[in-house]
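Encoded as structure tokens, the structure appears first; notes follow it.
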Amino acid sequence: MVTRDEVLAALGQVMDPEIHRPITDLDMVKDVSVDGSGLVAVEVLLTVAGCPLKDRITRDVTAAVAPLPGVSGVKVDLGVMTEEQRQAMVTRLRGPGAAEQKKISFWGDEATTRVLAVASGKGGVGKSSVTVNLAAAMAAQGHRVAVIDCDIYGFSVPRMLGATGRPVGFNGMIMPLEAHGVRVISIGFFIEPGKPVMWRGPMLHRAIQQFLTDVYWGELDYVLADLPPGTGDVSISLAQMLPGAEMLLVTTPQEAAERVAVLAGKFAQQNQMKVAGVIENMSYFVCPSCDERHHIFGSGGGEALAQELGSELLGQVPIDVRLREGADAGKPLVVSDPDAPASQALLELAAALPPRRSLAGRRLPLIT
């Protein structure tokens with residue numbers, strides 16, 4: 001006969017799909033019982049009523065317990081945490097006073113998360129497409145990755161990543177959504193479709209602050225912040241909240257794009273943000289019939305930008321209509337066709353940005 005301790009040990013391998021911690025560590029397992037026939041009954045407490053992932057939790061619990069020797073069946077009963085239980089869990093996860101102190105979970109004293117603010121200076125160079133595919137590539141390589149969509153007015157990450165729904169929030173903590181192994185937050189999850197965002201600077205600052213401090217990110221290897229065009233309120237706020245973060249610049253080969261992107265790079269340098277490197281998007285088009293490269297948008301912009309900023313050109317991504325198609329369909333090209341030339345370039349870029357293993361040289365945040 002299977003024992004209660006054996007069942008609890010198996011449940012210790014079941015991860016909450018949003019918090020990424022064992023449900024036993026989160027006190028989500030209220031009770032376990034085994035009857036004489038080997039039927040195991042497990043009572044699980046959800047954080048909120050109507051949890052969108054309750055079916056997945058039920059499946060995961062059943063899959064963990066059913067193979068145990070002596071188990072004839074598994075019955076999963078779902079309940080809901082009390083206000084006191086939720087608060088205790090939040091305090092355990094974030095630490096006492098985290099909400100009041102505006103702590104950033106991935107940027108604390110012991111964290112080694114690498115933060116890459118992806119910028120371009122101007123729109124239309126494929127910055128968000130690069131961000132989403134780079135994040136998916138990093139996740140496919142086994143890393144823990146999050147994307148923060150900082151483009152409040154022109155958000156596009158939810159659609160490009162295929163993330164839908166509304167984030168669950170309780171006791172001052174918001175859970176990010178996840179798609180293709182990437183955790184993500186965006187203002188697009190909170191507003192009605194087709195409704196424009198019309199906010200002034202202080203509201204933009206507050207939104208970015210909430211994305212950083214109120215969202216429970218858990219342990220991360222990378223955070224990619226998709227910045228809006230320009231060097232305005234959002235870029236300034238992010239630089240203040242994450243001092244010592246790095247900027248990753250996306251440009252096209254043409255001089256007009258490079259001349260604007262250099263301004264974003266100089267903004268980074270003036271705000272104590274290291275320029276991690278330059279990505280040249282839409283670098284060339286490979287003719288399917290002649291297999292020759294055609295430089296539709298010119299050449300040399302990425303290299304010139306890297307030289308002027310004292311950085312390096314990390315890679316060149318060719319023009320591929322499937323990148324656009326994948327963005328519209330919510331399935332990044334690195335996921336749908338990892339062997340495509342554009343995918344290979346993006347996977348190589350991900351490998352060229354190794355995760356941080358040390359705190360050396362990093363300034364810690366001071367948020368007021």
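Within the range 54-111, the set of residues being modelled with pLDDT of 90 or more, of a type in the set (Asp, Glu) and either under 24 Å from ALA41 (Cα atoms) or not in a helix (DSSP H, G or I) (or both) comprises ASP55, ASP60, ASP77.
When you check LEU242 against the structure, is it at pLDDT 95 or above and either within 19 Å of the chain's Cα centre (by Cα) or not assigned by TED's automatic domain parsing to the domain that holds VAL145 (or both), yes or no? Explain how you work it out, then say what you get.
Details: at pLDDT 95 or above: no; either within 19 Å of the chain's Cα centre (by Cα) or not assigned by TED's automatic domain parsing to the domain that holds VAL145 (or both): yes.
Spelling it out, it is not the case that LEU242 is at pLDDT 95 or above and either within 19 Å of the chain's Cα centre (by Cα) or not assigned by TED's automatic domain parsing to the domain that holds VAL145 (or both).
Every residue, every condition in (1) closer than 30 Å to GLN210 by Cβ; (2) among the hydrophobic types (A, V, I, L, M, F, W, C), yes or no:
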site: LEU11; (1), (2): no, yes
site: ASP55; (1), (2): yes, no
site: ARG59; (1), (2): no, no
site: ALA66; (1), (2): no, yes
site: VAL90; (1), (2): yes, yes
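The set of residues from the range 1-29 being surrounded by fewer than 19 Cβ atoms within 10 Å (Cβ to Cβ), within 22 Å of the chain's Cα centre (by Cα) and either at positive phi or of a type in the set (Asp, Glu) (or both) comprises just one member, HIS20. One residue alone among GLY50, GLY12, GLY79 is outside the structural domain of ARG144 (by TED's automatic domain parsing) and without any contact (Cβ under 8 Å) to a residue 12 or more places away in the chain, and that residue is GLY50. Which one of these does MET247 not meet: (1) surrounded by fewer than 22 Cβ atoms within 10 Å (Cβ to Cβ); (2) outside any helix (DSSP H, G or I); (3) hydrophobic (A, V, I, L, M, F, W, C)? Failed condition: (1). Only one of the listed residues (GLY298, GLY277) is in contact (Cβ under 8 Å) with a residue 12 or more places away in the chain, assigned to a strand (DSSP E or B) and assigned by TED's automatic domain parsing to the domain that holds GLY126. That residue is GLY277.
Scanning the range 30-53 for residues that are of a type in the set (Gly, Ala, Ser), at negative phi and assigned to a loop (DSSP other than H, G, I, E, B) turns up GLY36, SER37, ALA49. Each residue in the range 117-128 was checked for being buried (at least 23 other Cβ atoms within 10 Å of the Cβ) and on the phi < 0 side of the Ramachandran plot, and 7 pass. Tallying residues that are crowded, with 22+ Cβ neighbours inside 10 Å and either under 16 Å from the mean Cα position of the chain (by Cα) or basic (Lys, Arg) (or both) within the range 218-238 yields 7.
Could you list, in sequence order, all residues of the range 241-261 that are touching a residue at least 60 places away in the same chain (Cβ under 8 Å) and in contact with a strand residue (DSSP E or B) (Cβ under 7 Å, 6 or more places away or on another chain)? LEU242, ALA245, GLU246, MET247, LEU248, LEU249, VAL250, THR251, THR252, ALA257, ALA261, listed by residue number. Exactly one residue out of VAL130, VAL182 is touching a residue at least 24 places away in the same chain (Cβ under 8 Å) and either assigned by TED's automatic domain parsing to the domain that holds LEU46 or within 19 Å of VAL321 (Cβ to Cβ) (or both): that is VAL130.
Do the conditions hold for LEU204, that is, is it surrounded by 15 or more Cβ atoms within 10 Å (Cβ to Cβ) and farther than 24 Å from VAL260 by Cβ? No: the conditions fail for LEU204.
The values are calculated or read from the model by the stated rules, or taken from the named source; none is laboratory data. Predicted model only: the values in this text are computed from it and were never measured. As a convention, Cβ positions derive from the backbone with ideal geometry for all residues, glycine included, and neighbour counts pool all protein chains shown.
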